[in-house]
Amino acid sequence: MFCNCVFCKKIREAGPYEFRTRTQVLIDDKICLDFPPEAYVHSLVYGINYSSLEYLLVTHSHMDHFYAHDFILRGYKYAAVAAKTLNIYGNEEVRKVFSECTAREMKPEVTPNLKFTHVKAFSEFFVGDYRVLAVPARHGTAEEALLYYVEKDKKGYLHMHDTGRLGDDVFLYLAQNGARAGAVSLDCTFLDGDGGENARHMGLNDDEAMRAKLREFGIADDNTRFILTHFSHNSNPLRERTERLAARHGMTAAYDGFETDF
Ligand SMILES: [Zn+2]
Ligand SMILES: [Zn+2]
Ligand SMILES: [Zn+2]
């Protein structure tokens, strides 16, 4: 929003078709992955009422993935009917950010309907009817950023951003714990630029390498959908371009409001 680069200018001129809000995933209207500042916009545009949401899996504490200020709105004068308990799962840094961001305005009567569970990498837990595996992302050393595999009725979704290329230990853990992904969403921050071995995000070549690994370990097969998201302004992410480049690799570029069944 503060950027004057040629791509941001183009996107502003093109209008809403090209707008990309920050990343959030909703599974079966029951489980949310990440809660960006635009969670409110998503509720307006896509008709989502978060008062019935019970489970939120948070990947890491960066503000584009966890905008905790909004949780003060879950009661008091801001929500007419007290919301169901929201179970937030995340690492220690996410819990700290939650405390810091809500410290000023949180009303005591709102706190009891929020429950925080500390998640560690390489762990399995259950949320309602869903099985979840948490694995470590490659996303810097300041905190243990997490990725999640969410499964119900033997159908799994693997959430792979924000992250750079993952090591075999992660694929081995997923495979040994029976992960079989019908859909994978991949970090594609750099689009046709490469992240390489040690980056904290990925581009198409990295995504292709990760797809090969997922297939090699039996976590994905020929029917698995690979969906690209988390594009950066620096990589000229106009929709026609992201969709064309993704298709060239047999993948799908996501856009705001993107839905998939599998
Ligand atoms: Zn820009
Ligand atoms: Zn991040
Ligand atoms: Zn991010």
When only alpha-carbon atoms are used, what values of Rg and Dmax, in angstrom, describe the chain? 18.2, 53
Once you treat every alpha carbon in the range 19-119 as an equal point and sum by Debye, what is log10 I(q)/I(0) at q = 0.16, 0.21, 0.24 Å⁻¹? -0.64, -1.16, -1.55
Using the eigenvalues of the Cα gyration tensor, what equivalent ellipsoid semi-axes result for the range 112-208 when each is taken as the square root of five times the eigenvalue, whole Å, largest first? 24, 16, 12
With θ set to phi - 60°, apply the Karplus curve 6.51 cos²θ - 1.76 cosθ + 1.60 along the range 251-262 and write out the HN-Hα couplings as whole Hz, x wherever there is a Gly or Pro. 10, 10, 8, 6, 9, 4, x, 4, 10, 9, 10, 7
Which percent of the accessible heavy-atom area of the range 66-141 goes to carbon and sulfur, probe 1.4 angstrom? 52
Report the local net charge at Leu86: Lys and Arg +1, Asp and Glu -1, summed over other residues whose C-beta lies under 10 Å from its C-beta. +2
Env charge @ Arg22, Cβ radius under 12 Å, K,R +1 / D,E -1, value -4
For the range 75-131 and the range 197-262, what is the separation of their Cα centres, given in Å? 30
State the number of lysine pairs found in the chain whose Cα atoms come within less than 18 Å, restricting to pairs 8 or more positions apart or on distinct chains. 12
For the range 123-180, restrict the atom set to alpha-carbon positions and state the Rg and Dmax in Å. 11.5, 36
Tell me the net charge near Asp194. Cut-off is 14 Å between Cβ atoms, Asp194 excluded, with +1 for each Lys or Arg and -1 for each Asp or Glu. -4
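For the chain, with every protein chain kept in place, what is the accessible area per residue (1.4 Å probe, Å²)? Mind showing how you got there, number by number?
Numbers: 13110 Å² over 262 residues.
About 50 Å² of surface per residue is accessible.
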Qualifying trypsin sites (Lys or Arg not before Pro) in the range 16-58, DSSP loop, other Cβ atoms within 10 Å at most 13: none
Considering only DSSP beta bridges whose two residues both sit in the chain, what percent are antiparallel, to the nearest 5? 45
Could you tell me which residue out of Val58, Leu44, Ala137 lies farthest along the dipole of the chain toward its positive end? Charges go on the beta carbon: Lys and Arg +1, Asp and Glu -1, centred on the Cα centre. Leu44
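The values are calculated or read from the model by the stated rules, or taken from the named source; none is laboratory data. Everything numeric here is computed off the predicted structure, so don't read it as measured data. Reconstructed Cβ throughout: ideal geometry from the backbone, glycine too, with neighbour counts over all protein chains shown. For the accessible areas, the whole protein counts, side chains as well, though only heavy atoms, and no ligand, DNA or RNA atoms are used. Shrake-Rupley method; radii C 1.70, N 1.55, O 1.52, S 1.80 Å.
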